[in-house]
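Here's the structure we're looking at; comments come further down.
The values are calculated or read from the model by the stated rules, or taken from the named source; none is laboratory data. What you are looking at is a predicted structure, and each value in this text was computed from that prediction instead of being measured. Glycine gets a Cβ as well: all are built from the backbone with ideal geometry, and neighbour counts include every protein chain shown. In case anyone asks, the SASA skips ligands and DNA or RNA and just uses the protein heavy atoms, side chains included. Shrake-Rupley method; radii C 1.70, N 1.55, O 1.52, S 1.80 Å.
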Amino acid sequence: MTIITRNEAAHVADAIDSVAWADEVVVVDSESTDDTTTIAARHRARVFVRTWPGYVAQKNYAATMATHDWILSLDADERVTPALAAEMRELLATDPAHAAYRMPRVTWHLGRWIRTTDWYPDHQLRLYDRRTAGWTGKYVHEAVTVRGTVGELRGELQHFAFRDIADHLETIDRYTTFAARQMHENARRTGFLELVLHPPLAFLRNYLLRGGIRDGVAGLVISLMNSYYVFLKFAKLWELEHVTSANHDVTKGTKPPS
């Protein structure tokens, strides 16, 4: 089992304890300034400290540090439920039929487990054979690319993503910056219609089609926040296209196009 960390002293012990059955736990830490590495070592993890190279490179490095080919990649704010643990242990006691397995992930936020909106079932491919799979991607939404078939597990992975709404907003701000940069580098363009139409459509999808309404005020808040994420992502992409490039032209002494 592998975990990448930076300043996760509040989470890492619970993450490791949720996989106490694993043959080994590898923690690759990005120079934490808190007690993450001390806590991880105390909970029998093999700890490696490495300068942050990005999500994909760090997760692939963690896999190379493991002594077994089957890898369970966990984030520090995630927990393996007993049902999921039993399912994986039974699977790995045999010869798995697939090269990798994905599992549903459920998030705890605003005082409840959220099994509605775009947040659920939020399937995550986290169990894989490193001989035929590895992490790929760029700034955000890194994923495991598999040379082979992918199976499904039923047990849930628990996600403690946010402390509160303020933390949720900080995360949205950070990830929309990465998302906009990635879209910009992929030559994606945006304009008035996407800024006006995509956010309300995202809200309707989350709140009505994906059942956010069933979670009361929490479902309403999350649906609105998901809609805000979509708006901010496209707004930042528009900024990269128009404002940032115009500012660059000005600093070079050229007149930006009107």
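At a 1.4 Å probe, what is the % contribution of carbon and sulfur to the accessible area of region 4-46?
Values: 840 of 1980 Å².
Carbon and sulfur atoms account for 43 percent of the accessible area of region 4-46.
Taking each pair of distinct Cα atoms in region 126-205 once, what is the resulting Kirkwood hydrodynamic radius in Å? Spell out each step's value before the answer.
Working: mean 1/r = 0.0619 Å⁻¹.
One over the average 1/r among Cα pairs gives 16.2 Å for region 126-205.
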Worksheet item: In Å², what does the accessible area per residue of region 1-95 work out to with a 1.4 Å probe?
Response: 46 Å²
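Let me have the 222 nm mean residue ellipticity of the chain computed from DSSP H runs of 4+ only, each contributing -39500 (n - 2.57), with the sum over all residues rounded to the nearest 500.
Numbers: 8 runs with 100 residues, N = 258.
Here the helix-only value at 222 nm equals -12000 deg cm²/dmol.
Share of antiparallel DSSP beta bridges in the chain, in percent to the nearest 5? Could the numbers behind the result be given before it?
Working: 17 of 34 bridges.
So the antiparallel bridges in the chain amount to around 50 percent.
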Fill in: Within the accessible area of region 108-258 (1.4 Å probe), percent carbon and sulfur
59 percent
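Kindly give the semi-axes, whole Å and largest first, of the ellipsoid equivalent to region 1-127, taking each as the square root of 5 times a Cα gyration tensor eigenvalue. The partial results should precede the final answer.
Details: eigenvalues 101, 76, 40 Å².
Value: 22, 19, 14 Å, ordered largest first.
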Worksheet item: Rounded to the nearest whole Å², what accessible area per residue is found for region 109-251 with the 1.4 Å probe?
Response: 55 Å²
Worksheet, complete the sentence: Between His123 and Glu239, the FRET efficiency computed from the C-beta separation at R0 = 35 Å comes out, to the nearest 0.05, as 0.65
Worksheet item: Once the principal axes of the Cα atoms of the chain are found, what is the range along each, listed largest first in whole angstroms?
Response: 64, 46, 39
